[in-house]
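The values are calculated or read from the model by the stated rules, or taken from the named source; none is laboratory data. Worth saying up front: this structure is predicted, and the values here are computed from it rather than measured. Here the Cβ positions follow ideal geometry from the backbone for every residue, glycine too, while neighbour counts run over all protein chains shown. Ligands, DNA and RNA are excluded from the accessible area calculation, which covers all protein heavy atoms including side chains. Shrake-Rupley method; radii C 1.70, N 1.55, O 1.52, S 1.80 Å.
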Amino acid sequence: MMLSSGPLAAPRGRSLIPDGSRLPRGGASCLLAILLVAMFGLITVMITTLAQGSGAAVSIAVDRATEVAKVSPLIFGVNTACWDEQLFPGTADNWELTFDQVGVRRVKDAGIRFLRFPGGRDGDDYIWNSPSNSPLRMDTDEFMTFCKLVGATPSITVNYTEKPDLAAEWVRYANRVKGYGVRYWEVGDEEYFLVDGGSYAARFSHFARAMKAQDPSIKVGANISPSRPDWSRRVLRDAGSYIDFVVHNWYPQSPRKEDDTYLLSTPPRLAQDVAAIRKMLKDEVPARANEIKVHIGGYNSVSYAPGPQTTSHVNALWLADVLGTMAGAGVDAAGFWALHNVYPPRQGDYGIITSTPENAPYPTYHVFQLFKDHFGDVYLRSSSSDNRVVVHASAKGDSTRGTIHLIVVNRASEDAYADLRVAGFSCGPRAEVWVLGAGGGPPARISDAVVTNGHARLRLPSRSVVAVTIPGRAAPPPRLRNLALRAKVTASSTAEVDGMFRPESAVDGSMRTRWASRIWQKVPEWFQVDLGSKETVGSVVLHWELGATRYTVQVSKDGTAWETVAEKTSSGAGWEVVEFAPREARYVKLLLYERPKDIGTKFGHSLWTTWGFSLWEIEVYVPGDAPSMGR
């Protein structure tokens, strides 16, 4: 747990109102949301009652010929804060020795493509070059190192309360001195809580001129709020010639008033907000309306003081719908709040991963993983006959060699079946299906769906996110189905440098990371894969760094009763395919008994696997899918 006050506090999107109390982040938009609950309560009731017990399948239609919007990869972003002392606890000079490798890898594996800094309303307290800044906090150089490590585009919010010269110097340092090429710069955060629209517009213009004098190529963003139309229109009218993008923050609930059913009904209101922003742009700056991009700067399910809902599966269902909604609305960039932000007083956490050395993923983390692997770059028109089931369709490539991707959110508390029909696309015979369910853990691959003449039938588990990938008939053959990829794994031990050699490193799809057992131990070890559900398995592929010269492969349906399906000897190096008679199993285990005679660095082994076992990767396949040794 972080000890500074920053990460334990909710994002500081608040302002004093006349009676001296605090207006929560989102302000009037939160009050409006409360009114909408009362006015449109019928909608939320319908979500849970429509067609219950009818047994009728949900009809889902997708039209490949109707492209709605280009999907910006920058919508898959998060906010990271200067007060996050976990990522870079040392200084920029020795970051390689002290940075949080586990946390950085989590962010990269989630497919995060956009990072915002220095963190919400705290930006107006942050002096980026102050000598009094704690070395424990993340600074500009560490933030840019973070962006480079994970492959994300940076966005920086400058301190609105300080002089424009401070922001201009930040631009000069980042882009001219260091050559970072930071493109996006926002002036303040939620300043509509603090000043009138005219004052903000005038000061924003001064900032934009000073900052672009240092680097004319940058894009400068202004705060905006659809729930404050007069404020927003004044800003656009007075400063529109300097604005390159507008930033809207969105938190649909107030704390201690969270309601799961209501939350799941809110994503369409974000689409309405984006539409209202685009209308204001056309009204107030018609000559530049199409040039000014829309960012969702910070968003989560509750405005401040997060409770247990933020770490629940319901928040993941909501996030999946929100990401699809932003893709369809043509949002240019967005930052989920946040990477780390634990709030013990209400047992909540805004973060997508825990504020602990494990950086354990919350359900929202796995939503980003799902979109990274199973969403396209063009948003398509689609529909669902049941308002409990939301579908977001996208595509990559053309109508014969490309792929169609669906994200289907079943908000109902019971399973459903869907009749899927795809028009304008020459579908291949099978579709890959992945499920993010209430049981926790990463998305799980389930049995493929059979596609006939553009039609398929899907099972949608209750309260789940289902991803469907349909290759075109002329598309290249799909990749082999590795059931172990990102599966849950456990092992008998881990090498002493624990963060580097954890079991999950052997199922992350990378041949640069690995699992290693505890070194200097001349004892048997084991490694176990939980496939998430029962599958028919027929082979295991092992990529050894330092392997076993004698080992067995076992399978189990329940993790208790085990059957040995292969007993092997090998050279203990390279990679090998172990095939066996097909078995139905959920668990696959390696029992590792003997090691090579020649072990050590002089034989090409790592120092951290001496007398241990080490796997770059383990793969598990259905019968007939085993890769050939000559691949």
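Taking region 127-173, which residues are assigned to a helix (DSSP H, G or I) and either closer than 17 Å to ARG209 by Cα or hydroxyl-bearing (Ser, Thr, Tyr) (or both)?
Listed by number, the residues that qualify are THR140, THR145, PRO164, ASP165, LEU166, ALA167, ALA168, GLU169, TRP170, VAL171, ARG172, TYR173.
Quick check on region 257-274: of everything there that is among the hydroxyl-bearing types (Ser, Thr, Tyr) and assigned to a helix (DSSP H, G or I), which residue is surrounded by the most Cβ atoms within 10 Å (Cβ to Cβ)?
TYR262
Does ARG430 satisfy being open to solvent by 50 Å² or more (accessible area, probe 1.4 Å), in contact with an Asp or Glu (Cβ under 8 Å, 6 or more places away or on another chain) and under 26 Å from ALA487 (Cα atoms)?
Yes.
Among the residues of region 326-355, how many are out of contact with any His (no Cβ under 9 Å at 6 or more places or on another chain) and either assigned to a loop (DSSP other than H, G, I, E, B) or without any contact (Cβ under 8 Å) to a residue 12 or more places away in the chain (or both)?
7
Give me the residue from region 101-131 that is at positive phi and touching a helix residue (DSSP H, G or I) at 6+ places or on another chain (Cβ under 8 Å) and, out of that set, modelled with the highest pLDDT.
Selected residue: GLY111.
Consider ASN387 against the criteria (1) buried (at least 22 other Cβ atoms within 10 Å of the Cβ); (2) under 18 Å from GLY328 (Cβ atoms): it satisfies all of them except one. Which criterion is unmet?
(1)
Looking at region 529-556 only, could you name the residues that are open to solvent by 30 Å² or more (accessible area, probe 1.4 Å) and within 31 Å of the chain's Cα centre (by Cα)?
Within region 529-556, GLY532, SER533, LYS534, THR536 qualify.
State whether one or more residues within region 179-199 are open to solvent by less than 60 Å² (accessible area, probe 1.4 Å), part of a helix (DSSP H, G or I) and touching a Gly at 6+ places or on another chain (Cβ under 8 Å).
Yes, some residue in region 179-199 is open to solvent by less than 60 Å² (accessible area, probe 1.4 Å), part of a helix (DSSP H, G or I) and touching a Gly at 6+ places or on another chain (Cβ under 8 Å).
Looking at region 393-415, which of its residues are over 13 Å from ARG459 (Cα atoms), open to solvent by 10 Å² or more (accessible area, probe 1.4 Å) and part of a loop (DSSP other than H, G, I, E, B)?
Residues satisfying the conditions are GLY397, ASP398, SER399, THR400, ARG401, ARG411, SER413.
Go through ALA495, ALA475, ALA423, ALA438 for me and flag whichever is touching a strand residue (DSSP E or B) at 6+ places or on another chain (Cβ under 6 Å) and over 30 Å from THR98 (Cβ atoms).
After ruling out the rest, the residue left standing is ALA423.
Do any residues in region 564-589 that are β-branched (Val, Ile, Thr) have Cβ atoms under 7 Å from those of residues that are open to solvent by less than 40 Å² (accessible area, probe 1.4 Å) and modelled with pLDDT under 90, where the two are at least six apart or on different chains, and which pairs are they?
THR569/THR549; VAL577/ALA626; VAL577/PRO627
Looking at (1) free of Cβ contacts under 8 Å to residues at least 40 places away in the same chain; (2) of a type in the set (Asp, Glu); (3) surrounded by 18 or more Cβ atoms within 10 Å (Cβ to Cβ), which is the one condition that is false for ASP93?
Here ASP93 meets the rest and fails (3).
Checking ARG106 against (1) basic (Lys, Arg); (2) closer than 24 Å to GLY240 by Cβ; (3) crowded, with 18+ Cβ neighbours inside 10 Å, which test does it fail?
Every listed condition holds for ARG106 apart from (2).
Which condition number in (1) modelled with pLDDT under 95; (2) open to solvent by less than 10 Å² (accessible area, probe 1.4 Å) is the one that PRO357 fails?
Result: PRO357 passes all but (2).
Six or more apart or on different chains, Cβ under 7 Å: which pairs go from a residue in region 250-266 that's in contact (Cβ under 8 Å) with a residue 60 or more places away in the chain to one that's polar (S, T, N, Q) and assigned to a loop (DSSP other than H, G, I, E, B)? Could you list them?
Close Cβ pairs satisfying both conditions: TYR251/ASN300; TYR251/SER303; PRO252/THR266; PRO252/SER301; GLN253/SER301; GLN253/SER303; SER254/SER303; PRO255/SER303.
Of all residues in region 81-131, which are of a type in the set (Asp, Glu) and within 20 Å of GLU169 (Cα to Cα)?
ASP122, ASP124, ASP125
Exactly one of (1) surrounded by fewer than 18 Cβ atoms within 10 Å (Cβ to Cβ); (2) in a loop (DSSP other than H, G, I, E, B); (3) at pLDDT 90 or above is unmet by ALA484. Its number?
In the conditions (1) surrounded by fewer than 18 Cβ atoms within 10 Å (Cβ to Cβ); (2) in a loop (DSSP other than H, G, I, E, B); (3) at pLDDT 90 or above, ALA484 misses (1) alone.
Which residues, taken from region 302-320, are open to solvent by less than 10 Å² (accessible area, probe 1.4 Å) and within 15 Å of the chain's Cα centre (by Cα)?
THR310, ASN315, ALA316, LEU317, TRP318, LEU319, ALA320 - these are the residues of region 302-320 that are open to solvent by less than 10 Å² (accessible area, probe 1.4 Å) and within 15 Å of the chain's Cα centre (by Cα).
What are the residues in region 135-178 that are within 27 Å of LYS108 (Cα to Cα), open to solvent by 20 Å² or more (accessible area, probe 1.4 Å) and touching a residue at least 40 places away in the same chain (Cβ under 8 Å), if any?
Listed by number, the residues that qualify are PRO135, LEU136, ARG137, ASP139, ASP141, THR145, LEU149, GLY151, THR153, TYR173, ASN175.
In region 444-481, how many are at pLDDT below 90 and open to solvent by less than 70 Å² (accessible area, probe 1.4 Å)?
Looking only at that region, the number is 7.
In this structure, does VAL390 turn out to be among the hydrophobic types (A, V, I, L, M, F, W, C), in contact with a Ser or Thr (Cβ under 7 Å, 6 or more places away or on another chain), over 28 Å from GLY123 (Cα atoms) and modelled with pLDDT of 95 or more?
yes
Could you check GLY348 against (1) open to solvent by 10 Å² or more (accessible area, probe 1.4 Å); (2) farther than 30 Å from ALA475 by Cα and say which number it fails?
(1)
Kindly indicate whether any position in region 507-518 is free of Cβ contacts under 8 Å to residues at least 40 places away in the same chain, over 26 Å from the mean Cα position of the chain (by Cα) and open to solvent by 40 Å² or more (accessible area, probe 1.4 Å).
There is no residue in region 507-518 that is free of Cβ contacts under 8 Å to residues at least 40 places away in the same chain, over 26 Å from the mean Cα position of the chain (by Cα) and open to solvent by 40 Å² or more (accessible area, probe 1.4 Å).
Before we move on, is ASP377 closer than 21 Å to LEU270 by Cα and open to solvent by 10 Å² or more (accessible area, probe 1.4 Å)?
In short, yes.
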